1. Between residues in segment 40-54 that are part of a helix (DSSP H, G or I) and residues that are open to solvent by less than 10 Å² (accessible area, probe 1.4 Å), which pairs lie under 8 Å by C-beta distance while being six or more apart or on different chains?
2. Tell me whether segment 22-31 contains one or more residues that are open to solvent by 30 Å² or more (accessible area, probe 1.4 Å) and in a helix (DSSP H, G or I).
3. Modelled with pLDDT of 95 or more and β-branched (Val, Ile, Thr): is that true of Val46 in this structure?
4. Can you pull out every residue in segment 32-48 that is farther than 11 Å from Ile8 by Cβ and loosely packed, with under 14 Cβ neighbours inside 10 Å?
5. What residue, among those in segment 5-21 that are in a strand (DSSP E or B) and out of contact with any Lys or Arg (no Cβ under 7 Å at 6 or more places or on another chain), is least open to solvent (accessible area, probe 1.4 Å)?
Amino acid sequence: MHTETLSIGGMACSHCVRALKDALQKLPGVKIHEVTLGHATLSFDVRQRKQVYEAITSEGYTVRVKRPRP
């Protein structure tokens, strides 16, 4: 599994955090370590990266890799 901390743009409140968690929890094999305003740390198979990013953008947020972890 690959772990990344993502910078998430467009999050403004606790509803945003909850909505993003809900969207990510629907993806099989994705482990959510933390979701806070503006950030998410996740573990997933690198082949799922597109799915993860699409789940985030489909909720109306922007995403970029903040810090990949080995």
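1. Val52/Leu24; Val52/Leu42; Val52/Phe44
2. Yes: one or more hits.
3. Working: modelled with pLDDT of 95 or more: no; β-branched (Val, Ile, Thr): yes.
When the stated conditions are applied, Val46 does not pass them.
4. His33, Glu34, Asp45, Val46, Arg47 - these are the residues of segment 32-48 that are farther than 11 Å from Ile8 by Cβ and loosely packed, with under 14 Cβ neighbours inside 10 Å.
5. First pass over segment 5-21, keeping only residues in a strand (DSSP E or B): 5-9.
So of that shortlist, the ones also out of contact with any Lys or Arg (no Cβ under 7 Å at 6 or more places or on another chain) come out as 8-9.
Working: Ile8: 9, Gly9: 25 Å².
Checked segment 5-21; the qualifying residue least open to solvent (accessible area, probe 1.4 Å) is Ile8.
The values are calculated or read from the model by the stated rules, or taken from the named source; none is laboratory data. Because the structure is predicted, anything quoted here is derived from the model rather than measured. Ideal geometry is used to build each Cβ from the backbone, glycine not excepted, and the neighbour counts take in all protein chains shown. Heads up: the accessible areas ignore ligands, DNA and RNA and are worked out on the full protein's heavy atoms, side chains in. Shrake-Rupley method; radii C 1.70, N 1.55, O 1.52, S 1.80 Å.
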